[in-house]
1. Can you tell me what percent of all Cα-Cα pairs in segment 6-46 are more than 12 Å apart?
2. So which trypsin sites (Lys or Arg not before Pro) in segment 1-76 are both in a DSSP loop and have at most 15 other Cβ atoms within 10 Å of their Cβ?
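A short reminder: the numbers here are calculations on the coordinates, not readings from a lab. Predicted model only: the values in this text are computed from it and were never measured. Glycine gets a Cβ as well: all are built from the backbone with ideal geometry, and neighbour counts include every protein chain shown.
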Amino acid sequence: MAVADMGVAMKVVTITGMVCMGIGQGVQLLLGYRVGAKLRERFKKALCFSLVFSLALGVALTIICYLFVNPIVGAFLTDASAYSYAVQFSCILPALFLLQAAIGITGLVWAQPVADILSIGLALFLYGRVSRKMMLESE
């Protein structure tokens, strides 16, 4: 039952992630063009706008999914015990093995937010490194 509930919880979480991922994939062509055309300032503006927009939209969708978690989960599940687990899992989100070993079954659910935060940190680090390198090469 817990595996099925995790599946439903992940569907709820995926709503926000997929929309933001689509924005990221869509803006890549625009950013690539601007880098190729050596339009550094326009590149920076488009990148900043898309990052802020994605972040704001992600936060808004997360809040909406959190506030309306009951009807969203209810669209997938009707069994009362499964429903309550899926709602709980959807509210705290999916470190899989490490967190499960540390705090049990809810550790599985906490794995996704921890992975997302670590991914954001890595992306910012890599962006900083690559953009500094690009700026040095263009001088």
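1. 64
2. K38
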